[in-house]
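To keep things clear, I will list the structure first and then write my remarks on it.
The values are calculated or read from the model by the stated rules, or taken from the named source; none is laboratory data. Because the structure is predicted, anything quoted here is derived from the model rather than measured. Don't worry about glycine lacking a Cβ; one is built from the backbone with ideal geometry, like all the others, and counts go over all protein chains shown. In case anyone asks, the SASA skips ligands and DNA or RNA and just uses the protein heavy atoms, side chains included. Shrake-Rupley method; radii C 1.70, N 1.55, O 1.52, S 1.80 Å.
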Amino acid sequence: MSNKDVKAALKSARDAIRNKEYKEALKHCKAVLKQEKNNYNAWVFIGVAAAELEQPDQAKGAYKKAIELEPNQLLAWQGLANLYEKPNQIDVKGDLADVYQKLLELYESGDKQKWCDVCNKLVELYHQEKKYLEVAETWQKLIQRKQEEGAEKAELHQLWKKMIQLLKDSTRNQDNKTGQLLLTAFEHALDSADTIPSEDHQNLYKDFIQCLSKFPHEVARLEKACHDMMALYPTVSYPLEVLCLHFVHSGILSEKALHCFSRLLEMDASSGPGMIGFGIKCLKEKKYKEAITSLTEGLQKTNQCPAAWHYLAEAQMKMHKHRNAVLSCNQALEALGTPEGPNLRWKNLALQLKAETLIKIADADAAEEAIKALEQIVDASNDPVVSALRGQAYLNKGLIDQASKISQELLLSHPDLAEAHALEGFVHYSQKNYAQAEKSFLNAVERKAGTAEYHQYLGLTYWFMSDETKKDKGKALTQFLKAAKLDSYLGSAFCYLGNYYRDIAGDKSRARGCYKKAFELDETDEESGTAAVNLSVELGDMDTALSILNEVTEKARPGTAKWAWLHRGLYYVRIGQPSQAVADLQAALRADPKDSNCWECLGEAYLNRGSYSTALKSFRKASELNPGLVYSIYRAAALEQILGKYENAIATYQQILKKTENYVPALKG
């Protein structure tokens with residue numbers, strides 16, 4: 001076959017392809033290859049025809065042979081790209097990306113439009129594969145080329161915005177280089193905006209700031225962006241809110257942060273981040289009530305802020321609202337999800353605070369939960385304070401040996417750690433080894449004099465050690481006073497101060513004040529509430545007694561606060577208001593239906609009201625629950641007599657006289 005025949009055969013192959021006669025085209029190409037086995041065009045045409053005949057492997061082989069012969073010729077590369085782009089081609093995206101790269105190289109100095117088309121296709125391919133760095137670098141080349149061609153500012157602006165769009169999901173698995181390219185795209189897009197200020201520009205700035213807030217190492221850039229946006233849009237609170245949350249999350253309360261919080265609240269008094277910031281400021285100033293109020297309100301609006309939940313838990317812990325603090329710690333942990341980087345620190349802090357709070361609740365279930373929380377702290381085994389907390393949790397579960405073992409290990413490895421000595425003290429105290437407990441708590445106080453709990457336990461140790469230490473002003477009393485001074489929310493310190501002033505000093509007025517304070521701090525403390533009421537009655541101050549009882553009964557859920565209902569019921573019996581007495585004593589019995597004394601008092605109230613039948617039932621119930629209540633049995637007999645049930649009355653009187661021969665009311669009856 002001559003040269004002329006080869007050209008004719010190639011022309012026939014081209015015509016056959018044009019007419020979709022692909023098998024015919026293959027015949028012509030094979031004839032050419034018999035003569036010239038390295039004919040580039042023949043191999044390209046075979047690739048085209050085989051692809052159309054659904055023979056992808058043959059097509060691929062033909063194109064690759066052509067490329068091998070002429071690596072810098074376009075046709076084979078274009079054909080291979082078309083082949084890989086077909087929907088039935090699987091697992092070829094990596095190969096297709098290589099083909100596009102080669103086409104970009106070949107179009108570099110030629111067809112600008114085709115170069116741009118291939119560039120778009122390559123970026124789309126990388127985007128599908130989530131290869132964000134390659135997306136960023138390729139798109140940047142496109143922008144660079146447009147800049148060299150002298151593209152308009154508006155076109156470049158749209159290209160930078162498109163780059164932002166392409167990379168917006170990349171922040172989830174951010175590598176530093178991609179992140180920097182994304183932030184650069186934002187900066188260029190902001191600079192190239194047509195109208196500044198404008199709504200579009202403002203929204204773009206918001207997106208930029210939101211993106212920056214996801215990069216922990218870009219603090220300076222975030223602060224600058226927020227300040228720049230504030231300068232352009234002084235009435236928009238968004239940049240200030242982001243800045244406030246950034247300061248909250250950093251855990252550092254600088255002058256800059258405080259200024260930011262107050263400026264935001266001036267702009268918008270109901271701003272969630274602003275209220276959170278103010279709450280943290282109150283917490284640092286030891287204004288715990290205000291801190292809880294402000295943080296709670298702020299979190300209702302900005303609830304996905306783990307640091308704020310942690311600060312709320314801290315404030316609740318300071319006020320000994322332990323169950324609330326546990327819930328706040330759980331919210332912090334939920335908001336954190338599966339953390340890494342700076343968030344890991346917040347997770348560890350929330351878990352430790354949760355454990356501390358559960359230990360203060362001091363029951364076995366809470367102790368078990370505390371141990372689970374401590375186990376989740378990263379690197380917990382290297383933290384002696386965490387080990388001391390674990391020891392306390394074991395102690396609350398009744399596992400004294402484990403607690404003691406941890407205490408001894410800590411004293412060997414960290415002899416100057418206050419928590420180690422305190423744990424040893426708690427172990428001795430739980431076993432009533434008061435002399436050893438005293439030494440341990442004194443060691444703890446020496447190392448951490450500002451911890452109210454250590455003074456409180458030292459005071460309790462003296463209180464139970466002996467009558468001498470209980471009465472010695474320099475022992476129990478001094479420690480309780482120190483504990484109350486260091487922690488003005490520590491109700492138990494005020495309760496024991498009340499015990500001291502009532503039982504040792506005989507100062508009823510001062511004792512009443514301490515009990516009242518203890519009860520105000522902890523409304524579940526029945527001992528303090530009862531003592532405050534009883535002392536008020538003894539001091540002739542019924543107004544104070546009633547105000548305490550009224551406050552408790554108003555808040556009480558059905559079946560609770562028995563002591564308050566009972567005290568108020570007895571008061572109404574004494575002052576001759578039997579109907580009110582009946583209502584209160586019935587409420588007391590809902591809390592404890594098996595209290596024989598309460599049934600006896602209810603019988604007395606019914607009797608005073610003239611409800612003899614119900615009074616009889618109440619006295620009978622009291623004597624059933626406690627057969628030793630002679631007064632109830634006598635009252636039942638007297639009521640049977642009033643109701644004309646003489647035989648029953650005589651039998652009941654005789655029953656009393658068998659037990660108590662000279663019980664005068666029964667003899668008289």
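Run lengths n ≥ 4 of DSSP H only: what is the helix-derived mean residue ellipticity at 222 nm for the chain, with -39500 (n - 2.57) per run over all residues, to the nearest 500?
Details: 38 runs with 509 residues, N = 669.
The helix-only estimate for the chain comes to -24500 deg cm²/dmol at 222 nm.
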For every other residue with a beta carbon closer than 14 angstrom to the beta carbon of residue 43, add +1 if it is Lys or Arg and -1 if Asp or Glu, then tell me the sum. +4
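From the square roots a ≥ b ≥ c of the eigenvalues of the alpha-carbon gyration tensor of segment 7-157, which class results: rounded (a/c under 1.5), prolate (a/b over b/c), or oblate?
Details: a/c = 2.68, a/b = 1.99, b/c = 1.35.
Prolate, because a/c is 1.5 or more and a/b exceeds b/c.
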Whole-angstrom gap from segment 537-585 to segment 375-410, using each part's C-alpha centre: 45 Å
Could you please report the charge total around residue 511, scoring K, R as +1 and D, E as -1 over all other residues with beta-carbon less than 12 angstrom from its beta-carbon? +3
If you count only protein heavy atoms and use a 1.4 Å probe, how large is the accessible surface of residue 541, to the nearest 10 Å²? 40 Å²
Computed Rg/Rh for segment 69-140 (Cα atoms; Rh = Kirkwood radius) stands at 0.96
To the nearest Å, what is the center-to-center distance of segment 189-251 and segment 594-611, using C-alpha atoms only? 72 Å
Please return the longest stretch of the chain lacking exposed loop sites, where trypsin sites (Lys or Arg not before Pro) count only if DSSP places them in a loop and at most 13 other Cβ atoms lie within 10 Å. 433-593
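In whole percent, what relative contact order does the chain give with Cα contacts below 8 Å and a gap of six or more residues? The partial results should precede the final answer.
Working: 868 pairs, mean separation 21.4, N = 669.
Once divided by the residue count of the chain, the mean separation gives 3 percent.
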Would you mind working out the magnitude of the charge dipole of segment 344-460 relative to its Cα centre, with +1 at each Lys and Arg C-beta and -1 at each Asp and Glu C-beta, to the nearest 20 Debye? 120 debye
The summed charge of the residue 275 Cβ neighbourhood (under 12 Å; Lys/Arg +1, Asp/Glu -1) stands at -2
For the chain, radius of gyration divided by Kirkwood radius, i.e. Rg to Rh on alpha-carbons: 1.26
Of 403, 350, 79, which is farthest on the positive side of the dipole of the chain, counting Cα position, with +1 on Lys and Arg Cβ, -1 on Asp and Glu Cβ, and the Cα centre as origin? 403
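Given charges of +1 on the Cβ of Lys and Arg and -1 on the Cβ of Asp and Glu, with all other atoms neutral, how large is the dipole of segment 497-653 about its Cα centre, in debye to the nearest 20? Could you put the intermediate results ahead of the total?
Details: 19 positive and 21 negative charges, 77 e Å.
The dipole of segment 497-653 has a size of about 360 debye.
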So, with +1 on the Cβ of K and R and -1 on the Cβ of D and E, and no other charges, what is the size of the charge dipole of the chain about its Cα centre, to the nearest 20 debye? 920 debye
Note to self: C-alpha centroids of segment 67-113 and segment 415-479 sit apart, in Å, by 82 Å
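For segment 195-269, what's the relative contact order in percent, using C-alpha pairs closer than 8 Å and at least 6 residues apart?
Relative contact order for segment 195-269 comes out at 26 percent.
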